[in-house]
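Coordinate-derived values only; no laboratory data. Fair warning: this is a prediction, and the values are worked out from it, not measured in the lab. As a convention, Cβ positions derive from the backbone with ideal geometry for all residues, glycine included, and neighbour counts pool all protein chains shown.
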Amino acid sequence: MTSFSLNIEVTFIDDTTDESLGITQIPANDLPDSFERDTIINLSGADWNVLNARPKTRAQYTKSKHLILWISRVEQVNPDDILYSLPSICAVVPELNNRSLSGNELTISEDDWRQFELVSHQLADKVDKEIAKIQLIHETATAGIGWRSIHIRTKPEIPIVSNIALTHLANILKVSAKSTGITYHGSQSQIANGYSFQLNDDFSVYGVAPDRKVQVIAIGQDSNISANDKSIERLQQIAHELNLDLVHWCRCVRVNPDDRLFASLLADLD
């Protein structure tokens, strides 16, 4: 018998009142692999947010055969009243692995994944089509501090089509090839195949590199940290060598490394 055929005794606790809502048996394969990320479950036709879980992973609860979930009922909201904080987000974000955090990882929100990145120039047509859709959101759905609609980007799935090793990227950036890793806010483990490099000015470059082959080169967006001249020169060198454009999705901008906007975008991360 595999662990996925086991029944898990699940206790539901109302996070607001701290009172038990009941105990039931649920097959392990009907439960998420991990509760480290935001999770919604359906009970008797109503949606509930899982705010906390003990234990948090399938490996742990299949071993103990017990799971406690602290949940809060999802309030129904009129879709017309919803405002999005960003005009666009990436459709797919990487999964987490089982590696514990060291505390030195770059931490980002899931919505910030690949918002500001280098993209192979040969994918310019796909990029421009996505940018046109985001521009339409700006023109038709801006509402004060947010947007009434959001564009979920599906292209390009892999923004770096060149064959570049992670060690080579580190050499150009003049940093150690030993990455500090990357994680999401509130997560307890690292992003699978993720890497992050911190330059001398605390400016960060991050992405994923399965088998040490770089597929994403994204720019850390900290409004308190901007790239200095040396960091900008190194990113321009990468862009020239690999024929990459700098893309700021929410600003609807795609520029090549010779464009004056290339440096100014990196120097102004607000």
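In percent, how large is the relative contact order of the range 220-268, given Cα pairs closer than 8 Å and 6 or more residues apart? Intermediate results must be reported in sequence, preceding the final value.
Values: 35 pairs, mean separation 17.6, N = 49.
RCO, the range 220-268: 36 percent.
Loop only per DSSP, at most 16 neighbouring Cβ atoms within 10 Å: give me the chymotrypsin sites (Phe, Trp or Tyr not before Pro) in the range 63-140, ordered by residue number.
Details: sites: 70, 84, 113, 116; in loops: 113.
Of the chymotrypsin sites (Phe, Trp or Tyr not before Pro), not one in the loops of the range 63-140 has a Cβ with at most 16 other Cβ atoms within 10 Å.
Just want to confirm a number: the relative contact order over the chain, from Cα pairs under 8 angstrom separated by 6+ residues, in percent. Mind showing how you got there, number by number?
Details: 494 pairs, mean separation 46.4, N = 270.
RCO, the chain: 17 percent.
As an exercise, use a Förster radius of 22 Å and the Cβ-Cβ distance of residue 107 and residue 152 to find the FRET efficiency, rounded to the nearest 0.05. Show your work: numbers first, answer last.
Values: r = 23 Å, r/R0 = 1.04.
Step by step, r from the Cβ atoms, then E = 0.45.
Check each of the trypsin sites (Lys or Arg not before Pro) in the range 177-243 and keep only those in coil by DSSP with at most 14 other C-beta atoms within 10 angstrom; list them in order.
Details: sites: 178, 212, 213, 230, 234; in loops: 178.
Answer in residue order: 178.
Sort 15-24, 52-61 for me by packing, meaning the mean count of neighbouring Cβ atoms within 10 Å per residue, highest on top. Before the final figure, lay out each step's value.
Values: 15-24: 11.2, 52-61: 17.0.
For the peptides 15-24, 52-61, the packing ranking is 52-61, 15-24.
Can you pull the percent of Cα pairs in the range 25-107 with separation above 21 Å? Write down the numbers at each step before the final one.
Working: 1625 of 3403 pairs.
Of all Cα-Cα distances in the range 25-107, 48 percent exceed 21 Å.
When only alpha-carbon atoms are used, what values of Rg and Dmax, in angstrom, describe the chain?
Taking only Cα atoms of the chain, I get Rg and Dmax of 21.4, 63 Å.
For the pair residue 163 and residue 40, how long in nm is the line joining their label points, each one 7 Å along Cα→Cβ?
4.4
Given the Cα-Cα distance of residue 30 and residue 64 and 0.36 nm per residue of separation, how much length would full extension add, in nm? The partial results should precede the final answer.
Details: separation 34, 0.36 × 34 = 12.24 nm, distance 1.64 nm.
Contour length minus the Cα-Cα distance gives 10.6 nm.
In the chain, what percentage of the DSSP-assigned beta bridges are antiparallel, given to the nearest 5? Present the calculation step by step, with values, prior to reporting the outcome.
Numbers: 42 of 54 bridges.
About 80 percent, rounded to the nearest 5.
What is the sum of charges, Lys and Arg at +1 and Asp and Glu at -1, for the other residues whose Cβ falls under 12 Å from the Cβ of residue 143? Show your work: numbers first, answer last.
Numbers: positive: 148; negative: 80, 81.
That works out to -1.
Using 0.36 nm per residue, how much length does the chain from residue 261 to residue 17 gain when fully extended, once their Cα-Cα distance is taken away? Display every interim value, and only then the final one.
Details: separation 244, 0.36 × 244 = 87.84 nm, distance 5.31 nm.
My answer for the length gained is 82.5 nm.
Compute the length gained on full extension between residue 98 and residue 83: take 0.36 nm times their separation in residues and subtract their Cα-Cα distance, giving the result in nm to one decimal.
Working: separation 15, 0.36 × 15 = 5.40 nm, distance 3.42 nm.
Full extension of this stretch gives 2.0 nm more.
Indicate, rounded to the nearest 5 percent, the antiparallel portion of the DSSP beta bridges found entirely in the range 75-186. Intermediate values should be presented prior to the final figure.
Details: 3 of 9 bridges.
Roughly 35 percent of the beta bridges in the range 75-186 run antiparallel, per DSSP.
In sequence order, what are the phi-derived ³J(HN,Hα) couplings for the range 190-199 according to the Karplus relation 6.51 cos²θ - 1.76 cosθ + 1.60 with θ = phi - 60°, rounded to whole Hz, with x for glycine and proline?
Here the 3J(HN,Hα) series is 7, 6, 4, 6, x, 9, 8, 10, 10, 7 Hz.
Is the range 151-270 rounded, prolate or oblate when judged by the Cα gyration tensor, a ≥ b ≥ c being the square roots of its eigenvalues, rounded requiring a/c under 1.5 and prolate requiring a/b larger than b/c? Mind dumping the intermediate values first?
Details: a/c = 1.23, a/b = 1.19, b/c = 1.03.
The shape class here is rounded.
When the helices in the chain are scored as -39500 (n - 2.57) per DSSP H run of 4 or longer and the sum is shared across all residues, what 222 nm value do you end up with, to the nearest 500 deg cm²/dmol?
Details: 5 runs with 54 residues, N = 270.
It comes out at -6000 deg cm²/dmol, rounded to the nearest 500.
Calculate the spin-label point distance for residue 213 paired with residue 76, positioning each point 7 Å from the Cα along the beta-carbon direction, and give it in nanometres.
4.9
Once Rh for the range 101-165 is found with the Kirkwood sum over Cα pairs, what is the Stokes-Einstein diffusion coefficient at 4 °C and 1.567 mPa s, in µm²/s? List each step's numbers first, then the result.
Details: Rh = 14.3 Å.
Diffusion coefficient, whole number: 91 µm²/s.
Can you list the aspartates and glutamates whose alpha carbon sits under 13 Å from that of residue 65, skipping same-chain ones fewer than 8 residues off?
Within reach: 9.
Given a cut-off of under 8 Å on Cα pairs at least six residues apart, what relative contact order in percent is computed for the range 19-103?
On the way: 66 pairs, mean separation 18.0, N = 85.
It comes to 21 percent, rounded to a whole number.
Taking every eigenvalue of the Cα gyration tensor of the range 141-208, multiplying by 5 and rooting it, what semi-axes result, largest first, whole Å?
Semi-axis lengths for the range 141-208 are 29, 17, 14 Å.
What is the pair-distance distribution P(r) of the range 51-156, computed from all Cα-Cα distances in 10 Å bins starting at 0, with each bin given as a whole percent?
Calculated P(r), rounded to whole percents: 11, 27, 29, 23, 10, 0.
Hey, how many Å between the Cα centroid of the range 49-92 and the Cα centroid of the range 181-227?
24
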